[in-house]
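Derivation of every value follows stated rules applied to the coordinates shown; laboratory data play no part. Predicted, not measured: the structure shown is a model, and the values here were computed from it. As a convention, Cβ positions derive from the backbone with ideal geometry for all residues, glycine included, and neighbour counts pool all protein chains shown.
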Amino acid sequence: MKIAIAMDGTEVSAHFGHCQKYAIFSVENDKAVRGADLNSPGHEPGKLPRFLAEHGANLVIAGGMGPRAIDLFHQNGIDVILGVSGDVDSVAEAYVRGDLTAGESTCHHGPEDECGHDDREGAIICITAQAAGVDAPFEERFGRAPYFIILNLKTGTIESVQNAFAQASGGVGPRSVSTVVDHGAQYLITGQMGGNAAEALATSGIKAYSYRGGGTVADAVKAFLAGNLPSIS
């Protein structure tokens with residue numbers, strides 16, 4: 001068995017995705033044998049779970065990470081223990097002895113990457129609307145939304161895309177998802193969507209959030225940036 005512990009200095013890092021290194025331990029004859037530390041390869045979505053899996057890790061220990069990161073580790077066959085602090089050598093020894101004390105994740109942020117958060121301020125967001133522009137009334141229906149407003153928060157550009165499938169007889173949800181994907185959106189703000197649309201969106205990697213407060217496209221964006229919108233699973 002091989003353990004990877006997120007590390008800053010000699011201590012367990014509170015933020016998995018932003019740690020300096022990973023201390024690597026092999027469990028041999030009921031002992032934690034430390035190997036060579038791994039430098040963090042950088043902070044990109046999905047990269048760290050693959051990186052540690054390639055180095056044979058079966059378990060990751062850290063102070064905190066978000067639920068998306070936990071899912072990615074599980075997909076790579078790696079277990080996760082969070083809420084841990086202290087010297088990494090002592091932590092590894094405690095794990096082998098069976099008396100490691102874990103707790104709640106120390107990372108509590110909004111939409112997440114490996115650490116449980118990402119840069120929403122530089123994101124590309126798609127918002128369903130009844131007309132063009134950020135001052136247009138928000139549209140709660142996804143597949144039947146007349147417009148998709150594509151807002152690039154990094155460049156400040158706004159594009160109003162007419163939904164070509166809004167009046168189609170069927171299959172509007174998945175086809176509308178393809179439009180959102182084609183415009184590079186990372187997030188979608190809408191009111192509701194059907195099962196087929198949600199399934200198509202899930203495979204795209206775009207995170208969807210529900211806004212039901214009425215008002216305008218701009219109002220929906222403000223609620224999103226404030227972290228007030230629930231995700232659409």
Qualifying residue in region 51-58 (condition: under 18 Å from Ala14 (Cα atoms), assigned to a helix (DSSP H, G or I) and touching a Pro at 6+ places or on another chain (Cβ under 8 Å)): no
The lone exception for Ala218 - which of (1) assigned to a helix (DSSP H, G or I); (2) without any contact (Cβ under 8 Å) to a residue 24 or more places away in the chain it fails: (2)
Which listed residue, of Ser204, Ser210, Ser160, Ser169, is without any contact (Cβ under 8 Å) to a residue 12 or more places away in the chain and more than 30 Å from Ile61 (Cβ to Cβ): Ser169
Only one of Val221, Val177, Val172 that is among the β-branched types (Val, Ile, Thr) and in contact with a Gly (Cβ under 7 Å, 6 or more places away or on another chain): Val172
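Okay, residues lined up against (1) hydrophobic (A, V, I, L, M, F, W, C); (2) over 21 Å from the mean Cα position of the chain (by Cα):
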| site | (1), (2) |
| --- | --- |
| Ala32 | yes, yes |
| Asn39 | no, yes |
| Ala69 | yes, no |
| Ile81 | yes, no |
Count of region 119-144 residues which are of a type outside the set (S, T, N, Q) and in a loop (DSSP other than H, G, I, E, B): 13
When residues of region 199-230 are limited to those that are under 15 Å from the mean Cα position of the chain (by Cα) and exposed (fewer than 14 other Cβ atoms within 10 Å of the Cβ), the one farthest from Phe142 (Cα to Cα): Gly227
